[in-house]
Every structure is written in C-alpha cells, then in structure tokens.
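The values are calculated or read from the model by the stated rules, or taken from the named source; none is laboratory data. Just so we're clear, the structure is a prediction, and the values are computed from it rather than from any experiment. A quick note on method: Cβ atoms are made from the backbone with ideal geometry, for glycine too, and the neighbour counts reach across all protein chains shown. Accessible surface areas use protein heavy atoms only, side chains included; no ligands, DNA or RNA. Shrake-Rupley method; radii C 1.70, N 1.55, O 1.52, S 1.80 Å.
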Amino acid sequence: DFVEVDATTWYFGLLVRTDTAATHAISARLSSGATTSNVLSGVFAITDDLDPTFGVSGIVLDDDAPGSGGVDEAAYALALQPDGKIVVGGAYRGAMVARYGAAGTPDPSFGRGGRFVFSNDWTDQEIRAVTVQPDGRIVAAGIGRFSVSDGAQPMVLRLLPDGVLDPSFGSTGVAAVPSHFGGEANAVVVQPDGRIVIAGMLGTGDGERALVARYTPDGALDPAFGVSGVVATPAVRGGWDQLFGIALDPSGRIVVAGSTSPGDAAALPAALVMRLDAGGALDPTFGDSGVAWGAFFYDSGRGVAVQPGGRILVGGNSWDYASANDMCWVLGLTADGTLDASYADGGVFWTRAYAPYGMGCGGFVMSPSGAAALAGYRGSDAVVFLLEPDGGPDLGFSLDGFAAAASGGIAHASAVALDSVGRVVAAGQSTYPDQSSDAAVFLARFKAPR
C-alpha cells in the first residue's frame, strides 16, 4: 500500500511475505511521480504471535490416529480452569470433553487419556458449549439423541473434576430437554446460585424456536423458570430462530444472542438479541418487548457478553454482498437494547480492513475488564481479534489487534478464551497438510498483549 505523505506526493510502501519460515523478505520503496527507488531491502527476523511455550510453537493438533484411518475430531467449545488447564468440548465418536495441561498436553488425570466421550446407540452427539463451576465440576451442553422416535435433543452433561459423569446430576450425569421435533443446546452459563441455563433451539414441527432452559443444581428442569423450566419464544419473524450465545447481566437477567429468519426461505436471517428476567419472561425494558434484531447482511450472533457498565456486546458473522465473502463483527448495544454509537465505529467493529477476501467467525468471549476476543478463520488459517473495551483494536496484540495461526492444513477456530495473564487461546478443528488425513482437535495460544 502507498500513502501520500504531503503535497509533494511522496509515498512509502512496505511489502511483507508471511509464511511458516523463521525469516521473511521485506522491501520498501519511495516514489515521487514517475521516479521510484528501492531504499530498503533485505531479510529480517519477525517475532511470531504464537506462544512458544504451548504445544509445538504455539499449536496443538490432537488426533486419535493421525492418517487416513482415523476419525474426525473437532472442538466447538472452550473454557479455562483457574489452574491454567484447558477444557474443550466437541465431537469424537460422540459428544466429547477433553482437558489439556497449561502447556497443551492431554491431561492424563482426566477421563481416559485426557478425554471423556459420551455415546450411545444413536448418532447426533456433540458438545457445543462448556463451562467450569467454582467447585471444579464441568458443565457441557450440546446435542444428544436418546431414542429412535425422537430427534436430537438439547443435552447437558456434568462431569466431576476427574472427567467422569457426576451421578448427582440429572440421570447419572445427563439431562435433556425432551423434543420430538429435535433441538440443540449451543450455549451454557452457571448462575451464582448453581442453577444452569442453556440456550439453543427447539423444533416445533413448523419451524424452529429460540430455546432457553434452566436446570436446578441437581439437573432437574427448574419449575420456577418459564413453563416447567423451558422457554421457547414465539417466532420473532414467523419462521426459524436459534440461539448461540448466553450471558448474565449484573441484575441476574439472561441475555441471549443468535439469529432469526422468516418463514420465507428467500428472506435473509438477521442477528437476534433477547433479554429475559430471572423467571424466563421477556424483559419489556429491552428492545421491542424484550427483543432486538437487525440485519446487516446475512447475520448470526455467535456470542454475547455484558460489560461491567451494562453495555451488551454481541459477536457475530455476516455475508458481505459487496465482497461476496463472510465478514465478522462485534456489535455494541446499550442496556436498553439500542445501538451504542460510542462503541467502535458507530456501534459496530467490522473485520473488513483485516480480511477483504473474507473471514468467518464462530467464537466470542469477554474479559472481566470488558475487552473482547473474536475467533474464526481466514483462508486456511485460524484467526483471532482482540478489542479494547471501547471497541477499538488492541494495538498491543500483534501490533493491530489481529493474529493468525497456520497449522499446515486448513484450520478453523470455533471458540476463544482469555487466560489470567491476557493470552488468547483458540480452539477448533484442523486438517493436516496432506489433506487426506482425518481432522484433529486444533488449539492455539497467542502471546499476551505487549
């Protein structure tokens, strides 16, 4: 790129080649009118953004049997324990929860060889969300199937700290929202009183409804919430709604985010944000009778968080018709559900400047201070963004707030977390360079902001 410096029209350009080599060729030139001269060229070392104390040069690929004979594995959810251990939820021969040490190696004290796998005679088992309770027990939510007559159901598991099912929860560690027409749990949060709230989707036979359900600490649907513990909201636009993110605000209200689409298949889905009171009723002081939604392009809110001052952040993904590619965003809303123009650029942070050829995002998290991290993919690389509480990029993180991790194959990050020293951890799935092997769980850890 060339930038005009002053009225004499001098330009400075910097070309950087980025690959997996330890050094990169850099050249620069100055030009004035038709005159161009190379003023700097050579090979210089560039510090990598990845944390070299984690895995192999900052990356972990965890596979049961590398090669074409294995089974695909993936991480869709991520949580960090206070001791630095990393918990992921995903899929491997069923619904999987795995734990890794702070250096990225599988934790042999957890489950069997570092993994717990829940499977039965039916397919459609995977974990979409995971969180760690203060007592060390792990709550995982996703989809399960328990009979031939019912579709996949929203499912919650609770594990003891050593990675076995907690017999004091639900039915020997497992609870579900019964659904003849199918459903899924995509997000989970534990209230201070120990009750567990999930968000996702519930099939109705004529569409999909946004689902919020709450369980008592022992895994029973909470009769004090919604209807027998379940809230399936009326269709916002008459068709299909689903939720992917959940958070609690300082007043104990439940904020959820996802997407809403009308029954007309040709119409575009829009980002959906709702707030419920402690009993499961839509909060009339938020948005339009508890619901806020708006269309950028082809939208889906993938995560939600509430800053200490009450501002609501929603991280999501859109289809950008201008570039014919996916783009990611973080939206700032005031506590009453209106656009907060003081956040980022008029209320929205966009990734266009970082990826004009497209980027998809699936993971979103917020630190206690209100900083936000977004994770996804660009081309074959997993990518992360780190934003300041006001929505501007954290320039101490990889100089511009954006960093990528190359696995050698095709890596996608589906979840993200921030550890106690500010390092960004991403989880997802990656193929291998030969593209013929099965896929592996992918983890990457980035250095803390400078």
Worksheet item: Whole-Hz Karplus ³J(HN,Hα) for region 218-225, in order, using 6.51 cos²θ - 1.76 cosθ + 1.60 and θ = phi - 60°, x for Gly and Pro?
Response: 9, x, 9, 4, 7, x, 7, 10
Worksheet item: For the peptides 415-424, 99-108, what is the packing order when you average, over each peptide's residues, the other Cβ atoms within 10 Å and list the highest mean first?
Response: 415-424, 99-108
Worksheet item: Points 7 angstrom from Cα along the Cβ direction at SER171 and ASP390: gap in nanometres?
Response: 5.4
Worksheet item: Among the chymotrypsin sites (Phe, Trp or Tyr not before Pro) within region 303-390, which fall in a DSSP loop and have no more than 12 other Cβ atoms within 10 Å of their own Cβ?
Response: TYR321, TYR357
Response to the item:
Counting only protein heavy atoms with a 1.4 Å probe and every protein chain in place, the carbon and sulfur fraction of the accessible surface of region 59-205 in whole percent equals 54
Discussion item. I'd like the distance separating the alpha-carbon centroids of region 333-366 and region 76-100, in whole Å.
Written reply: 27
Item to complete: Highest first, please rank the peptides 172-178, 406-412, 86-92 by the mean number of other Cβ atoms sitting within 10 Å of their residues.
Response: 86-92, 406-412, 172-178
Worksheet item: Over region 52-202, what is the mean sequence separation of C-alpha contacts under 8 Å (at least six apart), divided by residue count, expressed as relative contact order in percent?
Response: 16
Discussion item. Going by Cα centres, region 373-450 and region 174-251 are how many Å apart?
Written reply: 29
Practice prompt. Label region 331-379 by shape, choosing from rounded, prolate and oblate, from the square roots a ≥ b ≥ c of the eigenvalues of the Cα gyration tensor; if a/c is under 1.5 it is rounded, and otherwise prolate applies when a/b is larger than b/c, oblate when it is not.
Written response: oblate
Practice prompt. Using per-residue counts of other Cβ atoms within 10 Å, averaged over each peptide, order 284-293, 54-63 from highest down.
Written response: 54-63, 284-293
Discussion item. If I stretch the segment between ALA281 and ALA224 completely, what's the gain in nm (0.36 nm per residue apart, minus their alpha carbon distance), one decimal?
Written reply: 19.4 nm
Discussion item. Averaged across orientations, what area in nm² does the convex hull of the alpha carbons in region 99-251 project?
Written reply: 10.2
Discussion item. If I take all pairs of Cα atoms in region 309-450, what percentage of them are more than 25 Å from each other?
Written reply: 26
Item to complete: Please work out the FRET efficiency for the pair ARG112 and SER251, using the Cβ-Cβ distance as r and a Förster radius of 41 Å; give the result to the nearest 0.05.
Response: 0.45
